[in-house]
Amino acid sequence: MKVVIAGGGAVGTFIGGELQQAGHDVDIIEIEAARVEKARITGEPADVTWHLADACEINSLDRIGVGQADVVAAVTGDDEDNLVISLLAKQEFAVPRVVARVNNPKNEWLFNENWGVDVAVSTPHLLTALVEEAVSVGTLVRLLSFEGGRASLIEVTLAGESPAADREIVDLGLPRDSTIVAIVRNDHVVVPRGDSRLLAGDEVLVLVTADSIDDVRKILTGA
């Protein structure tokens, strides 16, 4: 898989290294010459191709070959830049998958398909969700959003009084556009099947749409 990362800071460099080690073809675009020079001297991350360029310029993206990329990740420290990069990648180069970093949570509402973003990652919101997930029982926690908020990965730790406790998944009556993707029980992951029985204390991860989330909440929490 060919991945183009816009932003060669700590985040972009780390992601690039991880993806390269996983066997992917990685290009990093960075506008600051000092960062590119340092990467070329140290050779870290190894076997990643660096480009000194402005990822907000269509000519730069064309020269680097963004049109052949399977994924573009816009992870600069500037939300405006990440939006412009995402829009160019999607509209001008038809990149199949565009992932964008949200630096300021107040801007998250902008990171949707209108700006070419397939998946937006807001670190502050993700950290908040993970804290909630660790301490909340019987409450729905949104972990990740996809497709401009039209789909989400949610987590619920089943309380003892949950309507879903001690019932098989097939009997829950979940909406067609939702699915339980994993159950975490006693620190072990259980791959769910229709006859899997949910127990109080289970951490249930569900992929939902915006239309189904309220029904799923009621089924799992009763609220």
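None of the figures in this text is laboratory data; all of them are computed from the coordinates on show. No experiment lies behind these values; they were computed from the predicted model shown. Cβ coordinates were reconstructed from backbone atoms using ideal geometry, including for glycine residues, and neighbour counts include every protein chain displayed.
Sort SER86, SER212 by Cβ crowding within 10 Å, fewest neighbours at the top.
SER212, SER86
Step through the residues of the stretch 103-119 one at a time and calculate ³J(HN,Hα) from phi using the Karplus curve (6.51 cos²θ - 1.76 cosθ + 1.60, θ = phi - 60°), rounding each to whole Hz and writing x for Gly and Pro.
Result, rounded to whole Hz: 7, 10, x, 5, 9, 4, 5, 7, 7, 9, 5, 5, 9, x, 8, 8, 9.
If the cut-off is a Cα-Cα distance under 28 Å, which lysines reach LYS2, setting aside same-chain residues fewer than 8 apart in sequence?
Partners found: LYS38, LYS90.
Taking amide H positions as placed 1.01 Å from N in the peptide plane, with prolines and chain starts having none, which residues 5 or more places from LEU143, or on another chain, fall under 5 Å of its amide H?
Amide H neighbours of LEU143, under 5 Å, 5+ apart: LEU153, ILE154, GLU155.
Using the Karplus curve 6.51 cos²θ - 1.76 cosθ + 1.60 with θ = phi - 60°, work out ³J(HN,Hα) for each residue of the stretch 153-169 in order, rounded to whole Hz, and write x for Gly and Pro.
Using θ = phi - 60°, the values come out as 9, 10, 9, 9, 8, 5, 7, x, 8, 4, x, 8, 5, 6, 10, 7, 4 Hz.
All other residues with a Cβ under 13 Å from the Cβ of ALA223 taken together, and with Lys, Arg as +1 and Asp, Glu as -1, what is their net charge?
Residues near ALA223 contribute -1 overall.
About the Cα centre, and with charges only on the beta carbon of Lys, Arg (+1) and Asp, Glu (-1), how big is the dipole of the chain? Nearest 20 debye, please.
Taking the Cα centre of the chain as origin, the dipole is about 220 debye.
Which residue, ASN186, ILE41, LEU143, has the largest displacement toward the positive end of the dipole of the chain when charges sit on each Cβ (Lys, Arg +1; Asp, Glu -1)?
ASN186
Could you work out how far the C-alpha centroid of the stretch 2-60 sits from that of the stretch 140-187, in angstrom?
37 Å
With Cβ to Cβ distances under 11 Å as the rule, what net charge do the other residues near TRP115 carry (K, R +1; D, E -1)?
After counting each charged neighbour, the total is -3.
In nm, to one decimal, how far is the modelled label at LYS106 from the one at ARG40, with both set 7 Å along Cα→Cβ?
Those two pseudo-labels are separated by 3.9 nm.
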